[in-house]
Amino acid sequence: MATASKTDDFLFAPSEEAPGPQYLALRNRIAEGIARGRLAPGVRLPSERQLQLNTGAARGTIREALAQLEAEGLVYRRDRSGWYVSPPAVTYDPTRWAGFMSYVAEQGRAPATETLAKETAPATPSLADIFRVSPGTPLYDITRRRSIDGRTVLIERIMVDPALAPGLLAHPLDGSLTRILAEQYDLTVARNRIDMKPCALTGATADALGVKPGTPGLLVVRSSFDAAGRVVEYDQEYWRHDAIRVHVDLAVRERVGASVVE
């Protein structure tokens with residue numbers, strides 16, 4: 001992993017005192033370095049102690065500046081390693097059905113998947129309602145960790161009805177689940193229902209992502225249906241908030257009387 005070098009000495013260069021909170025001055029300097037390409041994606045920033053010694057700012061000021069940059073998705077923290085400039089976010093289009101492995105690779109990035117757990121679990125009342133089964137009905141419960149260019153970006157929990165895909169857990173699940181469902185069980189997705197909301201990454205999810213509990217995240221919940229309206233899979237994805245950029249390109253449609261003009 002690259003580290004900051006003499007090319008980013010501007011971080012420690014004397015500057016005129018800017019009005020406003022002191023932490024914003026450091027935040028602005030680092031953000032400018034990122035915007036100008038002087039701090040490249042993946043570069044490790046100077047340690048908090050180095051920043052404190054070279055800028056003369058208090059430790060709390062340094063941490064407040066870094067927390068602000070983290071909230072904006074410009075930097076991220078690796079446990080026991082330090083702060084790094086965030087890589088470009090991957091683009092996610094919820095209107096287009098494509099698996100993680102496909103749309104990440106299409107953007108010239110390297111996707112990878114690691115299965116953390118796979119088991120059969122009884123359906124909770126809420127899951128029973130989603131799958132239209134009785135509470136307690138066995139469902140496949142799969143937890144996977146996914147990365148882009150070697151950096152862990154999301155933890156997902158997938159539920160599948162064994163009645164539609166018997167023996168699914170016997171398959172290797174470190175690749176495309178979509179392909180397995182299509183090729184082995186003739187299950188194809190005809191419709192997706194997607195909900196997204198900001199969240200905090202906590203507990204086992206934070207541990208699996210290697211982030212501090214409370215780190216900002218994005219929760220993407222997807223219900224995938226086949227042509228008959230059956231739920232093929234129910235997926236909860238907990239993303240690092242700086243790793244994903246939601247992009248939707250919709251044609252404008254104008255309603256004229258009872259007709260729709262595109």
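The values are calculated or read from the model by the stated rules, or taken from the named source; none is laboratory data. Small disclaimer: the values here were computed from a predicted structure and weren't measured. FYI the Cβ positions are ideal-geometry reconstructions off the backbone, even for glycines, and counts take in every protein chain you see. Ligands, DNA and RNA are excluded from the accessible area calculation, which covers all protein heavy atoms including side chains. Shrake-Rupley method; radii C 1.70, N 1.55, O 1.52, S 1.80 Å.
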Inset, instruction - Kindly indicate which of SER134, SER126 is within 30 Å of VAL232 (Cα to Cα) and in a helix (DSSP H, G or I). - result: SER126
Legend entry - Number of positions in the range 58-97 that are touching a Pro at 6+ places or on another chain (Cβ under 6 Å) and either assigned to a loop (DSSP other than H, G, I, E, B) or over 25 Å from VAL246 (Cβ atoms) (or both): 1
Inset, instruction - Give the residues of the range 45-88 that are surrounded by 17 or more Cβ atoms within 10 Å (Cβ to Cβ) and touching a Gly at 6+ places or on another chain (Cβ under 7 Å), sorted by residue number. - result: LEU45, TYR84, VAL85, SER86, PRO87
Legend entry - the range 165-207, residues that are within 30 Å of ALA71 (Cβ to Cβ), open to solvent by less than 40 Å² (accessible area, probe 1.4 Å), part of a helix (DSSP H, G or I) and not hydroxyl-bearing (Ser, Thr, Tyr): ALA206
Inset, instruction - Kindly establish whether ILE148 is of a type in the set (Val, Ile, Thr), open to solvent by less than 20 Å² (accessible area, probe 1.4 Å) and either touching a strand residue (DSSP E or B) at 6+ places or on another chain (Cβ under 7 Å) or in the same structural domain as LEU218 (by TED's automatic domain parsing) (or both). - result: yes
Legend entry - Residue match in the range 228-242 (condition: buried (at least 16 other Cβ atoms within 10 Å of the Cβ), without any contact (Cβ under 8 Å) to a residue 60 or more places away in the chain and either in contact with a Ser or Thr (Cβ under 9 Å, 6 or more places away or on another chain) or not assigned by TED's automatic domain parsing to the domain that holds PHE131 (or both)): no
